[in-house]
Amino acid sequence: MNTASTSPVTGSAARADALLSAFAGAGYEQAAPAILQPAEPFLDLSGEDIRKSLYLTTDPNGEDLCLRPDLTIPVARDYLASRRAGQPGNFYYLGPVFRFRGGKPSEFMQAGVESFGRIDRTAADAEMMALALEATSAFGVRDLDIRSGDAALFMALIDALRLAPVWRRRLVKCFNRKTSITAEVENLTQGAGQSDYEGVLAALAGSDRKAALALVTDLMSIAGTENVGGRTTAEIADRFLEQSTLKGGTLARETLTLIERFLTIAGEPDEALAQLRNLTADAGININAALDEFESRIGFMAARGIDTGEIAFSTSFGRGLDYYTGFEFEIRRSNNGSEPLVGGGRYDGLLTRLGAASPIPAVGFSVWIDALTKAGDAA
């Protein structure tokens, strides 16, 4: 891991130094990943929508490269390339990132913390919130709006409902992208009309993904092709399986109602926990493991002196990125909430998607230095 120091290029150098000192004092070491990064991880993990905001180029070998649009993925890649991969590692950073932001500067400073390999997940989550609040304090920002959620609770609900894979994928995608689940269900049902492949869809009725892949592989072998329109055999099988499932009917009304009720739960964390336990008990579903982790996190936050009553928790809260798997949060300035000052959460699946041989717990957050400076100056 490259741990060369980085000099803050910002008008608030003293406050940035105080911020970095707080991170170092908590036992984190500085990371300084390269500015030029492979573009593929950002496109794969953040979605193709990010392409329009990246600054892209191509090297002589044809590899797509980009100026780093954030630092989480670069720090994670450096960690995986080091001899410490798989072992606990705690890092902080400060440096420029590059992203098209409309009327705002495309180069801006980002600080943050990433923690890899800690198995005490809820304690690590609480530490992230504590360090994030230290970051706002270092810049003199006191009047805060703290929002949080937990993607693991939604995943646990969807798993407990034992939905068909197509519904699970679509509902998780809706949750991550913060789109309307009711509208998505209606769109999918309306789109499941007559198809040119009725025979294939009928053959797949009730099948699992393995059976669908075998059937499509056989059909494509007969046709003498390995892809159609750029789609692989697996992608075509998934699409056929999705269409077959949708033709079998929409989600049961009571299932959709339960999901919608779940997503309306909000309030202080302790209040939300009580509502969640009541809802799941009434519905006869078991997501106790996820609820117990939520309760444990609340306890660790309180033990660190965080007033959890000041946190606005919502089951529908998400940061709009596919790779979050649990705790998520954002901190904004009260009554000026359009721009986050700090944001992050747990992303236990990211490192395997970047090439780790086995899952590695990971949690962290990013700090927008320009937004914090502006908020601190206005305080």
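The values are calculated or read from the model by the stated rules, or taken from the named source; none is laboratory data. Since the model is a prediction, treat every value here as computed from it, not as a measurement. Please note: Cβ atoms are built from the backbone with ideal geometry, for glycine as well, and neighbour counts cover all protein chains shown. For accessibility, only protein heavy atoms count, side chains too; no ligands or nucleic acids. Shrake-Rupley method; radii C 1.70, N 1.55, O 1.52, S 1.80 Å.
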### Query
Which value, in Å² rounded to 10, gives the accessible area of ARG147 with a 1.4 Å probe and all protein chains present?
80 Å²
#### Entry: Per-residue ³J(HN,Hα) for segment 352-367, Karplus 6.51 cos²θ - 1.76 cosθ + 1.60, θ = phi - 60°, Hz, x for Gly and Pro
5, 5, 8, x, 5, 5, 9, x, 10, x, 8, 8, x, 7, 10, 10
### Query
When all protein chains stay in place, what accessible area (Å², nearest 10, 1.4 Å probe) is found for LEU133?
40 Å²
## Note on the structure
Counting Lys and Arg as +1 and Asp and Glu as -1 over every other residue whose Cβ sits under 14 Å from the Cβ of GLU295, the net charge comes to -4
### Summary
Net charge near TYR324 (other residues with Cβ under 11 Å of its Cβ; Lys, Arg +1; Asp, Glu -1) is -2
### Query
So how much accessible area does ARG277 have, in Å² to the nearest 10, using a 1.4 Å probe?
70 Å²
### Message
Can you list residues from other chains, or at least 5 along the same chain, whose modelled amide H is less than 5 Å from the amide H of TYR55?
### Response
LEU67
### Query
Over segment 35-133, what percent of the accessible surface lies on carbon and sulfur atoms, probe 1.4 Å?
51 percent
### Query
Near THR308, within a Cβ-to-Cβ distance under 9 Å, what is the net charge of the other residues, with Lys and Arg +1 and Asp and Glu -1?
-4
### Query
With θ set to phi - 60° and the Karplus curve 6.51 cos²θ - 1.76 cosθ + 1.60, what are the ³J(HN,Hα) couplings of segment 35-42 in order, to the nearest whole Hz, using x for Gly and Pro?
6, 8, 10, x, 6, 4, x, 5
### Summary
So for segment 48-152, using the alpha carbon gyration tensor with a ≥ b ≥ c as root eigenvalues (a/c under 1.5 gives rounded; past that, a/b versus b/c decides prolate or oblate), I'd call it oblate
#### Entry: Solvent exposure, largest accessible area first (probe 1.4 Å, DNA, RNA and ligands not counted), of GLU339, GLU63
GLU63, GLU339
